[in-house]
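Asker: Mind having a look at this structure? Questions to follow.
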Amino acid sequence: MQDASNLSLEEAAEEHRELSETLKALSAAYYQEDAPRVDDAEYDVLFRKLQEIEVAFPELVSDESPTQRVGAAPAKGFGKVRHSVPMLSLDNAFNSEDLREFEGRVRRFLGLPHTEDVAFFAEPKIDGLSASLRYENARFVQGATRGDGQEGEDITENLKTLQDLPLRLKGDKNLHPDVFEVRGEVYMSISDFQILNENQAKAGQKIFANPRNAAAGSLRQLDKKITASRKLRLFAYAWGDASEVPGLTQSEVLEQFSQWGFSVNPLSKVCHNMEEAIDAYRKIEELRATLDYDIDGVVFKVNRLDWQSRLGFVSRSPRWAIAHKFPAEKATTLVKDIEIQVGRTGALTPVARLAPVSVGGVVVSNATLHNEEEIERKDIRIGDTVVIQRAGDVIPQVVEVQVDKRDESTSEPFQYPTVCPVCGSHAVREVNALSGKVDVVRRCTGGLICDAQAMERLKHFVSRNAFDIDGLGAKQIELFFTLGWVKSPVDIFALEEADKTRLQKIKNLEGFGEKAVKNLFEAINQRREIELDRFIFALGIRHVGQGNARLLAKNYLTLENLLNAFSAEQADPGKVYVDLLNIDGIGAAVADAVKEFFTEEKNREILKALQNQLVVIDFEAPSNDSPVAGKTVVFTGSLELMTRAEAKVKAEGLGAKVSGSVSAKTDYVVAGAKAGSKLKKAEDLGVAVVTEQEWLDLIGG
Ligand code: IVH
């Protein structure tokens, strides 16, 4: 073989695939069949060749590569930490127009006059892993990963090895807040990443695909000596729980972070208005290639903290910040095949299998084609040359077909299947009863008899925001499903008891050792307690994502209530449907899907069995100690102390229901200037009428 760095990407990819296959076969012969085919030295030579390729082309490293099996990062063993203030994500902007709209939303929400400028703080968006660092009386006491935003892993000891992390805050001890959580990004510089990969190869250890993966793998090491030997760094940019906030603006707080001994990104700056912010984005984008760390965009935060707190949050991201991502990277490649995948809800999704191509440092060999109409509209065919793009973590997409490169004599339009490729049932495009519109998605009608649907449901059940069982991911589900061991969620929790020889059987599977099996059973047992909203989400009901799962949990409070509601349904058809529609935020499509799921006999059997295996924790309504929790309020007239949107969000945050019309069920009418008919109706009905100020006094400002 020639020197790996002289190979083209295609040659390297080819060589990489062949070597991986050979090494996998050799290791199976050695470990599983007890019949070594080569001696250790020969195996070593091949293994090193594979490593050389991966050092020269880190983008070829995948989870399946034989090099990744060496000293694989332990996923287990860290304690869990609940974040007292959730770690959120950011809304995205892709161009200056999106940024201007963001500014418009901020202005409208705050009700700002045109004469008032909004200052933004611009910070590079660091491509690493976020961490929360808790300080009590200026001492670093606990550090955690983001996890799912609500709960992360305790990585205190690992974080202590970072040079950029002060174990004690600098400065006057008497001025430090009692409690303060600094949040920031842990990352590895590009040069340290390259050195690490070279050293890893020399030591016969795993090669990392990019600095981000290297940082993640280095931080989540049970042996903190390994973390210490990898050069990890940290930029501080936000905070969580805080007994006191040291400043009135984002920039002042970050200035204080510097004085406490943290690194704050030097390119961060105050922009006095949106035009300056757009300019800051361009400057940072120009500098991107010269930086020794990866960034994937620029984050803009409303600089004034009083405005940040008024703006608050929408579901999982703050209203006061946005990330302007750098444009997606593009590449040209060949469509080798179009495959149809069947999802959890039966949706048929076409996927293009591509000749591997590097896009922004990652090898791409698949792209989503979305649906049948998309293929027709773009006329994507097998054999076509296409331009694909990849942005951040999103699945690559086909943006253009190069029709002039097509061989018209052999090329044919793609024929979309009308039967499910997995179970053979009819696949149809449903017609919406109300609008008469044909759904863009073709669905398998096989329901529970379709193995693809059953397996995807199971993968969803164990996924990160659902049961999140360590060591039981999509790959293991596929394996256990194919073996017939796990066909429904109930089987997961019976896996250990199912038969005494199971442990032995799992141990014999590729990728499982004695310890892995023990850990798996432990991880399953740890998840026998689960919050109701997570549980509902895990069921994988069509249209029920995390938001709707939470709404259902909030409304029904216990699993018992939920199940009872639908058994009562058999006696009183229609009632539960109306109840569902009465939940603010639940529409007809969701109500239909929920009703269908909970009345289906097979599902009810599974739910009852799960009830015996698990403890589903009742929903705990937040802020029920607020004086307006559970009350219905109507805002009318023109408000002067807050905008309508702000008033609504605030009231709902305190557990009140905001309604548009006054009835006998209304608890309060908040009347601003020039209130008209609603005020009159409230007076007629004897509903309590309060002024804006009285309302603010009631809810505590
Ligand atoms: S602020 C409530 N600032 O981006 C706002 N995040 O998409 C919390 N990130 O999970 C985040 N650089 O890992 C913020 N300067 C920056 C950032 C940044 C990188 C990451 C962070 C977060 C993700 C959100």
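Every read-out reported here was derived from the displayed coordinates using simple, explicitly stated rules and does not represent laboratory data. Nothing here was measured: the structure is a model prediction, and the numbers come from that model. Cβ atoms come from the backbone with ideal geometry, glycine included; neighbour counts cover every protein chain shown.
Asker: Taking the simple approach of a point 7 Å from Cα along Cα-to-Cβ for both LEU248 and ASP618, what is their distance in nm?
Answerer: So the label points at LEU248 and ASP618 sit 4.7 nm apart.
Asker: Let me ask something else. Semi-axes of segment 123-164's equivalent ellipsoid from the Cα gyration tensor, sqrt of 5 times each eigenvalue, largest first, rounded to whole Å?
Answerer: 18, 14, 11
Asker: Give the distance, in whole Å, between the Cα centre of segment 412-452 and the Cα centre of segment 189-221.
Answerer: Each part reduced to its Cα centre gives a spacing of 45 Å.
Asker: May I pose another question? Just how large is the dipole of the chain about the Cα centre, in debye to the nearest 20, putting +1 at every Lys and Arg Cβ and -1 at every Asp and Glu Cβ?
Answerer: 1340 debye
Asker: Let me ask something else about it. Just name one of ALA216, LEU254, VAL670: the one whose Cα is farthest towards the positive end of the charge dipole of the chain (beta-carbon charges, Lys/Arg +1, Asp/Glu -1).
Answerer: Farthest towards the positive pole: VAL670.
Asker: Once the Cα atoms of segment 510-589 are picked out, what are the Rg and Dmax in Å?
Answerer: Taking only Cα atoms of segment 510-589, I get Rg and Dmax of 17.3, 53 Å.
Asker: Please compute, for the alpha-carbon atoms of segment 228-287, the extent along each of the three principal axes and give them in descending order in Å.
Answerer: The principal-axis extents, from largest down, are 38, 34, 18 Å.
Asker: Any idea what the dipole of segment 226-272 comes to, in debye rounded to 20, about its Cα centre with Lys/Arg Cβ at +1 and Asp/Glu Cβ at -1?
Answerer: Dipole size: approximately 420 debye.
Asker: Compute for segment 502-544: radius of gyration divided by Kirkwood radius, i.e. Rg/Rh, restricted to C-alpha atoms, rounded to two decimals.
Answerer: Details: Rg = 14.7 Å, Rh = 12.4 Å.
Over the Cα atoms of segment 502-544, Rg/Rh equals 1.18.
Asker: How long is the gain from GLU529 to GLU412 if the chain were fully straight, where each residue apart is worth 0.36 nm and the alpha carbon distance is subtracted?
Answerer: 36.8 nm
Asker: Quickly work out the ARG288-to-GLU430 label distance, labels modelled 7 Å from Cα along the C-beta direction, and quote it in nm with one decimal.
Answerer: It works out to 4.0 nm between the two label points.
Asker: Quick one: go through segment 666-680 and flag any residue whose amide nitrogen is under 15 Å from the point 7 Å out along the Cα-to-Cβ line of SER638.
Answerer: The answer is 672-676.
Asker: For LYS202 paired with THR385, estimate the spin-label separation in nm (one decimal), with each label point 7 Å from Cα along the Cα-to-Cβ line.
Answerer: 4.4 nm
Asker: DSSP loop GluC sites (Glu not before Pro) in segment 211-261 with at most 14 other Cβ atoms within 10 Å of their Cβ, which ones?
Answerer: Qualifying residues, ordered by number: GLU244.
Asker: Under 26 Å from the Cα of LYS631, which lysines turn up, not counting those fewer than eight places away in the same chain?
Answerer: Answer for LYS631, where 26 Å is the Cα cut-off: LYS554, LYS575, LYS648, LYS650, LYS657, LYS665, LYS674, LYS678, LYS680, LYS681, listed by chain and number.
Asker: What Rg and what Dmax come out for segment 552-690 when only alpha-carbon atoms are used, in angstroms?
Answerer: Gyration radius and largest Cα-Cα distance of segment 552-690: 19.1, 59 Å.
Asker: When each pair of different Cα atoms in the chain is counted once in the 1/r mean, what is the Kirkwood radius in angstroms, to one decimal? Write out the running numbers ahead of the final one.
Answerer: Working: mean 1/r = 0.0344 Å⁻¹.
Taking every pair of different Cα atoms in the chain, averaging 1/r and inverting gives 29.1 Å.
Asker: Now a separate question. Taking square-rooted eigenvalues a ≥ b ≥ c of the alpha carbon gyration tensor, is segment 280-356 rounded, prolate or oblate, where a/c under 1.5 means rounded and, failing that, a/b exceeding b/c means prolate? It would help to have the intermediate numbers written out before the result.
Answerer: Values: a/c = 4.84, a/b = 1.53, b/c = 3.18.
The shape class here is oblate.
Asker: If pairing requires two Cys Cβ atoms under 4.7 Å apart, which cysteines of the chain are left without a partner?
Answerer: Among the cysteines of the chain, those whose Cβ sits 4.7 Å or more from every other are CYS271.
Asker: Students often get this wrong: which residues of segment 290-321 have the backbone nitrogen under 16 Å from the point 7 angstrom along Cα-to-C-beta of ARG464?
Answerer: Backbone N within reach: 316-317.
Asker: So which of LYS487/LYS518; LYS224/LYS269; LYS24/LYS330; LYS24/LYS160; LYS206/LYS475 end up more than 30 Å apart, counting from Cα to Cα?
Answerer: Those over the limit are LYS224/LYS269; LYS24/LYS330; LYS24/LYS160.
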